[in-house]
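*Asks:* To start, I am sharing the structure in question, which I have written as structure tokens.
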Amino acid sequence: MFRPRLSSLPNGSALQNCKPPASSSVFGSSRYTRHHARFHSTQADVQASRVQVELSQNRKPRPDPANLSFGKVFTDHMLTIPWKASSGWGAPQIHPYRPFSLEPSVGVFHYAQCLFEGLKAYRDETGKVTLFRPDMNMERMNTSAQRIALPAFNGDEVIELLKQLIRLDKDWIPNVPGYSLYIRPTMIGSQPVIGIAPPSEALLFVICSPVGPYYPEGFKPVALYGTTEYSRAAPGGIGAYKLGANYAAGLIAQKEAAKKGYVQNLWLHGPEHHVTEVGTMNAFAVFKRPDGTTEIATPPLDGMILPGITRDSVLNIARDHVAGKYKIAGLPDKLVVSERQMTMREVKEAAQSGSLVEFFGTGTAAVISPVNKIGYLGEDIQIPTGPDGMGPVSRPIWQQLVGIQTGIIQHPWSVVVVE
């Protein structure tokens, strides 16, 4: 059985980080640079060339795509990379999917030393497999690691390892439109010590799961409950990082929203009830201004908002349209893209006056999730949606984004894994 006690695994030599692409707009470059500087040393960084591969001798049967449930079926192989403070990152290992053996004292069990990412690999009708913006996931993963004192790593090298893993399990991607391979990189503190301190041992691992379309029978707008009883995040906290602790604390609010008859909750912050996030997704609202201009707005990255890759993609697609770089059929010519604060009072008044065009969430799983109702302070605010469940702005953006993800539209965001 694989044991992530890192003392028994190979060690290596030089911790440094890859620079984010110059075009990246999700993360502040100064924060990312500081993270690299903090962990730069003579210790070993992740090196894809050192990977050790153990092929599974018992391949699992492929599931029927029609019966797939999100996150319940996993591929034949996984990736693990151990880390020790004394020596850095050890040799990566690709091996059969199997349980870990962890001591009860490891830090992840006691102090929530856990972060993760989520991205997808897509296969087109020719068999070509691509990843969607994996550099952004690696950048965000490093930023999350810095926030809870877990080690930095070379994102480019991990992407190469992801490619090797996906090539081994590419047949797990259903050859059906709308299906993909969900990839879950994770890092945990694995030192067997009870005591609040930066971890001296860690483990980065990656598992993969075939998934179907989020809305297999067409878009179904969701009803949200405006949560004022709990706070998802606060200034200076951990809201901007993809940490396990963020998700655990949100479950009670989701559970209570479901009891009230809503599908998901809408996180509202402070006495003014600022819109922050839709459950675990970024929030967008579209307004019609008095001069006829359409505004697509989302809360700014103020330290409380998770810098979503889908969020960034939606903003970039809309801004490219406004700039005339890539005109998107169906998007209005008079379009303004805003990253600004908005309150539920503004959303409510816009809905009542007819100037609210639509409201939706964005994330890796659903891509875009339209909203048709928000329960707020005892009343339901009705949100416009189109006959197919989507709105007039989110629909063409979704079509462009999915076209890029699936390879129908050629774009530098698609990273080739298998030609």
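*Asks:* Tell me which of 74, 239, 396 sits at the most positive position along the dipole axis of the chain, charges placed on C-beta atoms (Lys, Arg +1; Asp, Glu -1).
*Replies:* It is 74, whose Cα lies furthest towards the positive end.
*Asks:* Any of 334/373; 288/373; 348/373; 288/348 with alpha carbons more than 20 Å apart? Name them for me. Don't jump to the answer; show the numbers that get you there.
*Replies:* Details: 334/373 27 Å; 288/373 18 Å; 348/373 11 Å; 288/348 14 Å.
Too far apart for the 20 Å limit: 334/373.
*Asks:* Taking a cut-off of 23 Å between Cα atoms, list the lysines near residue 242, but don't count ones fewer than 8 places away on the same chain.
*Replies:* The qualifying lysines are 19, 72, 84, 120, 163, 255.
*Asks:* In whole angstrom, how far apart do the alpha carbon centroids of segment 315-388 and segment 190-227 sit?
*Replies:* Comparing the Cα centres of segment 315-388 and segment 190-227, I get a distance of 26 Å.
*Asks:* If you don't mind, there's one more thing I want to ask. I'd like the Karplus ³J(HN,Hα) series for segment 308-322: coefficients 6.51, -1.76, 1.60, θ = phi - 60°, whole numbers in Hz, and an x wherever there's a Gly or Pro.
*Replies:* Values per residue, Gly and Pro as x: x, 5, 5, 4, 4, 5, 4, 4, 5, 4, 5, 5, 5, 5, 4 Hz.
*Asks:* Show the residues, 5+ positions off or on another chain, whose built amide H is closer than 5 Å to the amide H of residue 383.
*Replies:* Under 5 Å from the amide H of residue 383 lie the amide H atoms of 373, 374, each far enough along the sequence or on another chain.
*Asks:* Would you mind putting 163-171, 367-375, 143-151 in packing order, based on average other-beta-carbon counts within 10 Å, highest first? Walk me through the intermediate numbers first.
*Replies:* Details: 163-171: 18.4, 367-375: 22.9, 143-151: 21.1.
Sorting 163-171, 367-375, 143-151 by mean packing, highest first, produces 367-375, 143-151, 163-171.
*Asks:* Let me ask something else. Which of the three applies to segment 50-118, rounded, prolate or oblate, going by the alpha-carbon gyration tensor with a ≥ b ≥ c and a/c under 1.5 meaning rounded? Walk me through the intermediate numbers first.
*Replies:* Details: a/c = 2.45, a/b = 1.47, b/c = 1.66.
Judged from the Cα gyration tensor, segment 50-118 comes out oblate (a/c at least 1.5, b/c at or above a/b).
*Asks:* Further question on the same structure: Using the Karplus equation 6.51 cos²θ - 1.76 cosθ + 1.60 (θ = phi - 60°), what ³J(HN,Hα) coupling, rounded to whole Hz, does each residue of segment 219-225 give in order, writing x for Gly and Pro?
*Replies:* Per residue, the Karplus-derived 3J(HN,Hα) values read 5, 10, x, 10, 9, 10, 10 Hz.
*Asks:* Could I ask something else about it? Quick one: which residues, 5 or more positions from residue 342 or on another chain, have an amide H under 5 Å from its amide H? H modelled 1.01 Å from N in the peptide plane, none for Pro or chain starts.
*Replies:* Sorted by chain and number, the residues that satisfy this are 275.
*Asks:* So, one more: Over the chain, average the accessible area per residue using a 1.4 Å probe and give it in Å², no decimals. Present the calculation step by step, with values, prior to reporting the outcome.
*Replies:* Details: 17800 Å² over 419 residues.
Computed with neighbouring chains in place, this is 42 Å² per residue.
*Asks:* Answer rounded, prolate or oblate for segment 257-303, using the Cα gyration tensor with square roots of eigenvalues a ≥ b ≥ c: rounded when a/c is under 1.5, else prolate when a/b is larger than b/c, else oblate.
*Replies:* Details: a/c = 2.26, a/b = 1.64, b/c = 1.38.
Prolate, since a/c reaches 1.5 and a/b exceeds b/c.
*Asks:* Moving to a separate point now. Given H placed 1.01 Å from N in the peptide plane, which residues other than close sequence neighbours of residue 222 have an amide H under 5 Å from its amide H?
*Replies:* Here 371, 372 satisfy the definition.
*Asks:* Could I have the simple spin-label model distance between residue 365 and residue 66, label points 7 Å from Cα toward Cβ, reported in nm to one decimal?
*Replies:* About 2.5 nm separates the two model spin labels.
*Asks:* Further question: Roughly to the nearest percent, how much of the accessible area of segment 93-179 is carbon and sulfur, given a 1.4 Å probe? Intermediate results must be reported in sequence, preceding the final value.
*Replies:* On the way: 1430 of 3000 Å².
Using a 1.4 Å probe with all protein chains present, segment 93-179 comes out at 48 percent carbon and sulfur.
*Asks:* For segment 209-346, what class follows from the C-alpha gyration tensor (a ≥ b ≥ c being the square roots of its eigenvalues): rounded when a/c is under 1.5, otherwise prolate if a/b is larger than b/c, else oblate?
*Replies:* Working: a/c = 1.66, a/b = 1.42, b/c = 1.17.
Note, shape of segment 209-346 comes out prolate.
*Asks:* For residue 320 and residue 247 in the same chain, what is the full-extension length gain: residue separation times 0.36 nm, less their Cα-Cα distance, in nm?
*Replies:* Working: separation 73, 0.36 × 73 = 26.28 nm, distance 3.25 nm.
Here the segment from residue 320 to residue 247 would lengthen by 23.0 nm.
*Asks:* When ranked by the protection proxy of mean other Cβ atoms within 10 Å per residue, highest first, what sequence do the peptides 129-140, 90-101 form?
*Replies:* On the way: 129-140: 23.8, 90-101: 16.2.
My ranking of the peptides, most packed first, is 129-140, 90-101.
*Asks:* On to the next question. How do the peptides 65-76, 225-236 rank, highest first, by the average count of neighbouring beta carbon atoms within 10 Å per residue? Before the final figure, lay out each step's value.
*Replies:* Numbers: 65-76: 14.6, 225-236: 17.1.
In descending order of packing, they fall as 225-236, 65-76.
*Asks:* Okay, moving on. List, in order, the whole-Hz ³J(HN,Hα) value for each residue of segment 61-78 obtained from phi through the Karplus relation with A = 6.51, B = -1.76, C = 1.60 and θ = phi - 60°; use x for Gly and Pro.
*Replies:* My calculation for segment 61-78 gives x, 6, x, 6, x, 5, 10, 6, 10, 4, x, 10, 10, 10, 6, 6, 10, 9 Hz in order.
The values are calculated or read from the model by the stated rules, or taken from the named source; none is laboratory data. Keep in mind it's a predicted model, so treat the numbers as computed, not measured. Neighbour counts run over all protein chains shown; Cβ positions are idealised from the backbone, glycine included. Calculation scope for accessible area: heavy atoms of the full protein, side chains included, ligands and nucleic acids excluded. Shrake-Rupley method; radii C 1.70, N 1.55, O 1.52, S 1.80 Å.
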